[in-house]
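Below is one structure; the comments refer to it alone.
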Amino acid sequence: MRRIIEELIEKRKQQQVKLKKTLEELGHLIEAKGFFGRLPGKSKKKISESLLDFNRALNELITIQDKEWDAYSNNHSSMVFKSLEWKIEKLEAEYSNVKTLLANFITMEKSLERLIDSIDEKTIDGEKTGTLSQLQRIKEQLSPYQYSDFEQRFRGDENKVEEKLKKYLPIFFPSDHILDIGCGRGEFVRLLQEQGKQVEGIDISESMLRIAMEKGLPCSKSDALDYLRRQPGGSRGGIFSAQVIEHMEPDYLRDLVIEAFRVLHENSPIVLETVNPLSLFALSNIYFLDVTHRRPLHPEFMRYLLESTGFSDVNIIYSEALVEEQLEGISPENHLAREFNTNVDKLNKLLYASPVYAVTGIKKQG
């Protein structure tokens with residue numbers, strides 16, 4: 001490829017010399033003979049021939065330059081594709097290693113489970129040694145549902161999650177002492193800290209919490225309902241939870257909302273975000289992707305749950321609809337456009353509505 005490029009460059013240089021010479025000859029003729037109208041026939045013919053040579057030389061130069069740039073482009077593209085091919089091969093190898101590692105984790109988890117079932121907790125002087133509980137904690141860490149890369153892969157990286165959660169910050173503007181239930185990697189905890197808020201996050205995923213604590217965020221491991229039941233009434237100025245309540249059984253969720261109402265002090269907000277089951281795309285591509293989800297939660301059910309618990313000003317906040325995935329209508333000039341596009345709009349609303357919603361409420365006085 002390099003040799004071809006060098007040959008093309010040399011040809012271009014030769015054409016440039018030829019073009020320059022033709023232009024010089026043309027210039028001398030015009031200068032010596034004056035205007036075209038006063039030239040004898042032979043001079044006019046010579047000028048005409050020079051102009052034709054100039055035109056041919058110019059066209060050849062352009063053609064060779066095009067070939068030269070094509071060669072550069074092809075060479076660059078070859079290098080790019082070669083680099084991509086190498087990176088893809090490397091990623092495939094790494095992905096294969098990850099799959100092997102995950103398979104080994106699952107094998108280890110099953111082995112630990114059998115070991116735990118076969119162990120009788122030993123006691124020394126009447127006290128348990130704690131070996132069994134230690135093994136159970138190790139098993140939890142090996143569980144595939146604790147892998148932080150699952151959320152990283154399917155929910156998005158931390159920066160993208162933070163951008164999506166920023167829309168909730170104004171709700172907590174007058175609040176302080178806020179609790180984030182299911183804080184995960186601590187995206188919303190960090191956003192609230194940047195606003196000068198006192199905030200605490202809780203989660204049951206040790207792998208998620210490890211990421212949050214490595215960043216120095218005030219997050220700890222705790223079951224949400226157990227944590228709320230330990231808190232004094234009116235001790236929190238706000239409660240937030242994103243992509244958590246769909247993991248809860250109905251009775252657990254109801255008890256959690258009741259305890260949240262008790263724990264919040266007056267005029268404090270609650271925000272509970274979840275997958276929107278009214279979007280079939282979100283239901284099939286987001287909700288069912290995670291096997292730990294219990295059941296989808298209808299927005300109107302969540303409105304009823306908060307209102308029946310005592311919350312006021314209950315609202316549903318929908319995320320932006322899925323635009324790129326939507327079906328396209330036909331040109332308005334078509335006589336069938338109105339009816340067809342109306343049906344397309346209905347179908348888009350059913351298939352590609354907002355993938356996420358949040359129910360919000362306020363605990364008011366009295």
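Structure values in brief
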| item | result |
| --- | --- |
| Note, ³J(HN,Hα) from phi for region 204-211, Karplus 6.51, -1.76, 1.60, rounded to Hz, x at Gly and Pro | 9, 8, 5, 5, 5, 5, 4, 5 |
| Distance between modelled label sites at Lys221 and Arg114, nm, 7 Å Cα→Cβ extension | 2.6 nm |
| Region 148-291 - percent relative contact order, Cα under 8 Å, separation 6 or more | 21 percent |
| Hz values of 3J(HN,Hα) by residue in region 266-275 - Karplus curve (6.51, -1.76, 1.60), Gly and Pro given as x | 4, 6, 9, x, 10, 9, 10, 9, 7, 6 |
| Formal net charge of residues neighbouring Ser284 (Cβ-Cβ distance under 14 Å; K, R +1; D, E -1) | -2 |
| Net dipole in debye of region 254-311 [+1 Lys, Arg Cβ; -1 Asp, Glu Cβ; about Cα centre; nearest 20] | 160 debye |
| Ile204 long-range amide H proximity, modeled H, under 5 Å | Ser222 |
| Residue-normalised accessible area of region 164-268, expressed per residue, 1.4 Å probe, Å² | 43 Å² |
| Heavy-atom accessible surface of region 297-366: percent carbon and sulfur, 1.4 Å | 52 percent |
| Student exercise, region 261-366 dipole from Lys, Arg, Asp, Glu Cβ charges, in Debye to nearest 20 | 560 debye |
| Under 5 Å, built H, 5+ apart or other chain: amide partners of Val356 | Asn276, Ser319 |
| Relative contact order (%) - region 234-348, alpha-carbon pairs under 8 angstrom, separation at least six | 24 percent |
| ³J(HN,Hα), Karplus 6.51/-1.76/1.60, whole Hz, each residue of region 236-245, x for Gly, Pro | 10, x, x, 10, 10, 7, 10, 6, 10, 5 |
| Where labels lie 7 Å past Cα in the beta-carbon direction, separation of Phe301 and Val344 in nm | 3.4 nm |
| Built amide H within the under 5 Å cut-off of Asp290, gap 5+ | none |
| 1.4 Å probe accessible area per residue over region 280-366, in Å² | 66 Å² |
| All-pairs Cα distance distribution in region 213-366, expressed in whole percent, bin size 5 Å | 2, 9, 15, 17, 15, 13, 10, 7, 5, 3, 2, 2, 1, 0 |
| Pairwise FRET efficiency - Thr63 versus Thr292, Cβ, R0 = 51 Å, nearest 0.05 | 0.20 |
| Solvent-accessible surface (1.4 angstrom probe) belonging to His265, in square angstrom, nearest 10 | 80 Å² |
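The values are calculated or read from the model by the stated rules, or taken from the named source; none is laboratory data. These numbers come from a predicted model, not from an experiment. Here the Cβ is made from the backbone with ideal geometry for all residues, glycine too, and neighbour counts use every protein chain on show. Note: areas computed on protein heavy atoms with side chains; ligands, DNA, RNA excluded. Shrake-Rupley method; radii C 1.70, N 1.55, O 1.52, S 1.80 Å.
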